[in-house]
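Here is the structure we will look at.
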Amino acid sequence: MHPISETAISMGLFVVSPATHPTDCGRFFRASFSVRRAQGNGSYCRVFRFDKTFALREAARIFAVTQGWLQTWMRHPPVC
């Protein structure tokens, strides 16, 4: 399995930046991502943070990237 980078990933017109954060107890990780688009005079930026916890940092990254992909490619993405 190849690790997913925490650096920005280009997804069409958008750039998704996944991130993971340790919980207060340090045993689990939380996922988040930002979606950015800059086109012409307008720009778009949203940050998504999730309450779901993961035992592995890599699992949190995969979740963040998947949620970012859903937000950028689906016409009406599901509400998280």
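The values are calculated or read from the model by the stated rules, or taken from the named source; none is laboratory data. The structure displayed is predicted, hence computed values, not measured ones. Cβ atoms come from the backbone with ideal geometry, glycine included; neighbour counts cover every protein chain shown.
Values for this structure:
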quantity	calculated
Residue list for the stretch 1-23, filter: part of a loop (DSSP other than H, G, I, E, B) and modelled with pLDDT under 90	Met1, His2, Pro3, Ile4, Ser5, Glu6, Thr7, Ala8, Gly12, Leu13
The stretch 40-73, residues that are assigned to a strand (DSSP E or B), of a type in the set (S, T, N, Q) and either in contact with a helix residue (DSSP H, G or I) (Cβ under 8 Å, 6 or more places away or on another chain) or more than 17 Å from Ala8 (Cα to Cα) (or both)	Thr53
